[in-house]
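Engineer: Take this structure, written in C-alpha cells, and hold onto it; I'll ask about it next.
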Amino acid sequence: VGKAIEARFGDAAAAVKKIRERGGKVVFVRFPVSGELKKHEDRMTPRVGPWNRLLKESGAPGIYFEDYPELASFQCPEWSHLSAPDSVEFTKRLVPHLQKALAQ
C-alpha cells in the first residue's frame, strides 16, 4: 500500500508537469465535506499530510475550502456532495479564488 501511495504522488507531479509543458495550468481544489466523513478524513488523512505534500511535490497552487469563510460554510446533505443549489453558489464563490490562483 505504501508503494502505491508513493506512486500516486509521483504520478500527480508528473501529470502537472506535462500539463504545464503544454501551456496548461493546474489548481487543486479541496471541495467541502462535512459530518462524520469530515471527522474521519481529518483523523485518517490530516491536511498536513497528503494535501500539503501534493501541493509541494506538484508545485501547483491549491484552494482548500476551509481556508475561506465563504467556502467553508456549506454543509453536505450526505457528507460528501453539495446540494444542487449549494453547488451553484459554491461555484460562484470559488471562481474569484480560481482566477487569483491561475494568475500566479
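Engineer: Every residue in the range 1-11 that is part of a helix (DSSP H, G or I) and over 16 Å from the mean Cα position of the chain (by Cα), please.
Structural biologist: Passing the criteria: Gly2, Lys3, Ala4, Ile5, Glu6, Ala7, Gly10, Asp11.
Engineer: Suppose we filter Ala72, Ala14 for residues that are aliphatic (A, V, I, L, M), loosely packed, with under 13 Cβ neighbours inside 10 Å and over 14 Å from the mean Cα position of the chain (by Cα); which single one remains?
Structural biologist: Selected residue: Ala14, the only one of Ala72, Ala14 that is aliphatic (A, V, I, L, M), loosely packed, with under 13 Cβ neighbours inside 10 Å and over 14 Å from the mean Cα position of the chain (by Cα).
Engineer: Under the condition of being of a type in the set (A, V, I, L, M, F, W, C) and within 21 Å of Ala101 (Cβ to Cβ), which residue from the range 44-69 is farthest from the chain's Cα centre (by Cα)?
Structural biologist: Going through the qualifying residues, I end up with Val48.
Engineer: Which residue is farthest from His40 (Cα to Cα), if the candidates are limited to the range 75-91 and must be assigned to a loop (DSSP other than H, G, I, E, B), open to solvent by less than 80 Å² (accessible area, probe 1.4 Å) and in contact (Cβ under 8 Å) with a residue 24 or more places away in the chain?
Structural biologist: In this case the residue turns out to be Leu82.
Engineer: Mind telling me which of the residues Arg53, Arg20 ends up being part of a helix (DSSP H, G or I), in contact with a helix residue (DSSP H, G or I) (Cβ under 8 Å, 6 or more places away or on another chain) and of a type outside the set (Ser, Thr, Tyr)?
Structural biologist: Arg53
Engineer: Give the residues of the range 44-69 that are open to solvent by less than 80 Å² (accessible area, probe 1.4 Å), over 30 Å from Glu21 (Cα atoms) and not β-branched (Val, Ile, Thr), sorted by residue number.
Structural biologist: Residues satisfying the conditions are Pro46, Tyr68.
Engineer: Which residues, taken from the range 26-43, are in contact (Cβ under 8 Å) with a residue 24 or more places away in the chain, exposed (fewer than 14 other Cβ atoms within 10 Å of the Cβ) and under 17 Å from the mean Cα position of the chain (by Cα)?
Structural biologist: Leu37
The values are calculated or read from the model by the stated rules, or taken from the named source; none is laboratory data. Since the structure is predicted, the reported quantities are computational estimates derived from the model, not experimental observations. Reconstructed Cβ throughout: ideal geometry from the backbone, glycine too, with neighbour counts over all protein chains shown. Calculation scope for accessible area: heavy atoms of the full protein, side chains included, ligands and nucleic acids excluded. Shrake-Rupley method; radii C 1.70, N 1.55, O 1.52, S 1.80 Å.
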